[in-house]
Amino acid sequence: MTEQATIAVEPARDNVLAWLIARVAHYLNEPVELIDGRADLSRYGLESVYAFALCGEIDEVWGAVIEPILFWDVRNLAELADHIVEVASRPPVR
């Protein structure tokens, strides 16, 4: 489990987006300030291995199961944050 996974925060859009930006910055070994949540995801060239790892972290932290293919279906981290909030706010399936 990552250090970020131990932080309990509400799955509000701003929280999720800030978290995504921090995680992408970590994976790219770049300062957070260089990651724009509205920039086209292709700009960052995230490799598929990072998409898979990030999906696992999203599930751990936000309780939202996200398929890695979603990274190629959304335009930017802001759209991904919206999707995560939507999935995380759904009642659990029993």
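Which values of log₁₀ I(q)/I(0), to two decimal places, follow from the Debye formula for the chain at q = 0.13, 0.18, 0.24, 0.25 Å⁻¹ with a uniform point scatterer at every Cα? Each listed q corresponds, in turn, to -0.38, -0.76, -1.45, -1.59. Translational diffusion of region 28-82 was estimated from the Stokes-Einstein equation, with Rh taken as the Kirkwood radius over Cα pairs; at 10 °C and 1.306 mPa s the coefficient is 136 µm²/s. Backbone phi angles across region 18-23, fed through the Karplus curve with coefficients 6.51, -1.76 and 1.60 (θ = phi - 60°), yield HN-Hα couplings of 4, 5, 4, 4, 5, 5 Hz in residue order; Gly and Pro are listed as x.
Laboratory data are not the source of any read-out in this text; all were calculated from the coordinates shown. All values derive from a computational prediction rather than experimental measurement.
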